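The values are calculated or read from the model by the stated rules, or taken from the named source; none is laboratory data. In this text the structure is predicted, and so the values were computed from the model without any measurement. We place every Cβ from the backbone using ideal geometry, glycine too, and count neighbours over all the protein chains shown.
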């Protein structure tokens, strides 16, 4: 019997030159976490690829499923490992083509990394192709085949497969620094967080809950969204800030049409202080230009004015259809569409400003003690811990900030109603 394995390809890492080995090591570490539940399974490097050897087909399918969602992976294929003998490669190619399901036409793509192999790529294509025609009675189509059998001769062995599952691509989490992502229970911000993770950043989430003015339903959904991201190695922690009382204070002392922008500016200040504690270099939001009233270009300028570090908006040019499709693929869409109390709609004015100016927002903030409010928000935080091998926790946190096993339960219904 041939040995079974998952053959992992990457693309962008291969362009990294002298520091390529550090990117490969980070990807291997991230894969080790993804495969933690599969006992004794680890990834090894073989000539610009990674390989995960498995004892049987059942384990192989689980490995392929877990590996295919990890940033940095371009594709993963369940393969057969054979010797470089032509007869063995032909036998394995028969198994590979049978693994591809129904088909009428096929092609063979062979390549070799070792020039000492007696056959070149074209000769292997012809020999294995003839074998498969004789065995299957199927037709060769080099232009548009239903299935392609791939043969890779690498470091003394041959790796043969027909299924190629696409991965997310990008760079391994942990190669692009740390960011603080403003993470709601909605559709957009989990996708924005995921996009930064695919660029190698380590995301630390911060969630602003409407508690105690409303229930903790958004916190529970964000915790589940965090679990989805964790399976991809794409989240390290999520800090939870009970924000409802601060929103109420703003609503009592500021012009109604500017409330939402004042909420956002306070969120940015709190997130930025957390970023300094965490050693993060930028903030991330799920804003998309023109999607809602607060996301006009003028309003984004007003929000940016409250920050001293970059605010990254990876969705700024995406429409809702694109974002929803990505959320479905990410497996956060069903969670994000569950009913929950969103702090963004708390004390919402009838007509929020769509073209605010920095001057008028500064004037509105004169009646608010933003420094005190920022401090209170930081002191009231708790956090949820997720597994992320590249994450380094901050050495110090405010004494009141503690880890929690799960988000707080819902507040009393009477209290929530009166808070509104």
task = Filter the range 325-343 for residues that are surrounded by fewer than 20 Cβ atoms within 10 Å (Cβ to Cβ) and over 14 Å from the mean Cα position of the chain (by Cα) and give the result.
result = 325, 334, 337, 338, 339, 342
ask   = Being surrounded by fewer than 16 Cβ atoms within 10 Å (Cβ to Cβ), modelled with pLDDT of 95 or more and either in the same structural domain as residue 190 (by TED's automatic domain parsing) or under 17 Å from residue 356 (Cβ atoms) (or both), is that true of even one residue in the range 264-274?
value = no
inquiry  = Please list, ordered by residue number, the strands (runs of 3 or more DSSP E) wholly in the range 112-185 having 3 or more residues that are closer than 30 Å to residue 219 by Cβ.
reply    = 178-182
ask   = In the range 357-370, is there at least one residue being surrounded by fewer than 17 Cβ atoms within 10 Å (Cβ to Cβ), within 25 Å of residue 188 (Cβ to Cβ) and either in the same structural domain as residue 190 (by TED's automatic domain parsing) or at pLDDT below 95 (or both)?
value = yes
task = Could you run through the range 293-322 and say how many residues are within 14 Å of residue 258 (Cα to Cα) and in contact with a strand residue (DSSP E or B) (Cβ under 9 Å, 6 or more places away or on another chain)?
result = 2
query = Is there any pair with a first residue in the range 394-406 that is assigned by TED's automatic domain parsing to the domain that holds residue 222 and a second that is surrounded by 13 or more Cβ atoms within 10 Å (Cβ to Cβ) and assigned to a loop (DSSP other than H, G, I, E, B) whose Cβ atoms are under 6 Å apart and which are 6 or more apart or on different chains, and what are they?
reply = 401/381
ask   = Does residue 82 satisfy being within 25 Å of residue 95 (Cα to Cα) and either free of Cβ contacts under 8 Å to residues at least 60 places away in the same chain or not assigned by TED's automatic domain parsing to the domain that holds residue 98 (or both)?
value = no
inquiry  = without any contact (Cβ under 8 Å) to a residue 24 or more places away in the chain, in contact with a strand residue (DSSP E or B) (Cβ under 6 Å, 6 or more places away or on another chain) and more than 30 Å from residue 322 (Cα to Cα): which single residue out of 113, 121 fits that description?
reply    = 121
query = assigned to a loop (DSSP other than H, G, I, E, B), without any contact (Cβ under 8 Å) to a residue 60 or more places away in the chain and touching a helix residue (DSSP H, G or I) at 6+ places or on another chain (Cβ under 8 Å): does that describe residue 340?
reply = no
task = Please work out which one of (1) crowded, with 20+ Cβ neighbours inside 10 Å; (2) touching a residue at least 60 places away in the same chain (Cβ under 8 Å) is the condition residue 318 fails and give its number.
result = (2)
